[in-house]
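Heads up: the structure comes next, in structure tokens.
The values are calculated or read from the model by the stated rules, or taken from the named source; none is laboratory data. Note that the structure is a prediction, hence the values are computed from the model and not measured. Reconstructed Cβ throughout: ideal geometry from the backbone, glycine too, with neighbour counts over all protein chains shown.
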């Protein structure tokens, strides 16, 4: 049979100290002499003692755990960098993948999961008031990735509308005047803001912006939307697609119809996922640095956890247009 796991009291007996002293050593508290601390550590090593995590949480009221709450359709590009940044700052990292219906119950149950902070990746525009969200989390700090510009919710985000303006202006500067859009979901913060940036730029240049079909950020929706545009006989020389995955699907539909990119139709995507540079031709797109935004979100959240007076604010980053072979000038 498996031998009994050594307890804190076993360590205390081995070191000939009180169990309170052992607890202070484990939690790196003061008021323990170097000699006693060394004796307790030797007892820990000798017995192979491992602290009980639940007991530590009860005593310190801190779990050093950050939880990411994202929807099944949410971007996962951030996750690796958030996990790495959390570990570097001494925090564990957990993920809750949920549906929209589970959002409020998940926030309400955060305290029971012993997490110190939350990172939210919303799929649609939801609760946009900081106090309401803090009430749901029972005071657990949180940072949201993306969100409504100018809101009072602590967030790290890219200026999505500005990125779409860069894409639109690039196509206009190449001489395109008849253009289509395959947008992301308009109820999504990023999808809606990109759509608005696209429309605003075309409006300001006196161009028609009505040729638009809503997708869902999935590669298949890009394929379906492009086929719909072609089936309806839409005339366009360029298309702005709400993300790179949909752009890949749109390109497949064009190729199947015998249309060439960029000779017949120029394509601009959004995100600059790693596959975009290896697309044939290389995909012109708007770059977001997912590693940077993931790291900044974790650092912001840890700052809020460890310094409760940290001001609630938004950190807005600027995207960059990456020009590759999928766009060319009208000849």
Grab the strands (runs of 3 or more DSSP E) fully contained in region 138-196, keeping just those with 1 or more residues being touching a residue at least 40 places away in the same chain (Cβ under 8 Å) and farther than 14 Å from residue 317 by Cα.
-> 142-145, 179-183
Specify which of the listed residues (160, 144) is within 19 Å of residue 290 (Cα to Cα), out of contact with any strand residue (DSSP E or B) (no Cβ under 8 Å at 6 or more places or on another chain) and surrounded by 24 or more Cβ atoms within 10 Å (Cβ to Cβ).
-> 160
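Which of the residues belonging to region 112-135 are closer than 20 Å to residue 297 by Cα and either part of a helix (DSSP H, G or I) or not assigned by TED's automatic domain parsing to the domain that holds residue 83 (or both)? Spell out the reasoning first.
The first filter runs over region 112-135 and keeps only residues closer than 20 Å to residue 297 by Cα, leaving 114-131, 133-134.
If the condition is that a residue be closer than 20 Å to residue 297 by Cα and either part of a helix (DSSP H, G or I) or not assigned by TED's automatic domain parsing to the domain that holds residue 83 (or both), then 130, 131, 133, 134 are the ones that fit.
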Please give the strands (runs of 3 or more DSSP E) falling wholly within region 269-331 in which 1 or more residues are buried (at least 20 other Cβ atoms within 10 Å of the Cβ).
-> 285-287
